[in-house]
1. Are any residues in the range 6-26 farther than 22 Å from Ile58 by Cα, modelled with pLDDT of 95 or more and not hydrophobic (A, V, I, L, M, F, W, C), and if so, which ones?
2. Residues to consider are Val4, Val22; find the one that is in contact with a helix residue (DSSP H, G or I) (Cβ under 6 Å, 6 or more places away or on another chain), in contact (Cβ under 8 Å) with a residue 24 or more places away in the chain and either outside any strand (DSSP E or B) or surrounded by 12 or more Cβ atoms within 10 Å (Cβ to Cβ) (or both).
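The values are calculated or read from the model by the stated rules, or taken from the named source; none is laboratory data. Keep in mind that this is a model prediction, so the values were computed, not measured. Virtual Cβ from ideal backbone geometry, glycine too; neighbours counted across all protein chains shown.
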Amino acid sequence: MIEVTRINGSKVLINPDLIEIVEETPDTVVAFTTGRKLIIKEGRQEIKNLVKSYRKEIFAG
């Protein structure tokens, strides 16, 4: 799981395996394969880096 920040400042953990699309419009919107969408403070590149770090941690484990 990776931790992101909602627009209201609350922290949530999301499953990066369910991310379908991340777009900046200008807010960052994460769309999941489940159809749910989440607006977050982190940028698109930061989400990409978090997912890469998550996957390295899982496969190194």
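1. Arg6, Asn8, Gly9, Ser10, Glu23, Glu24
2. Val22
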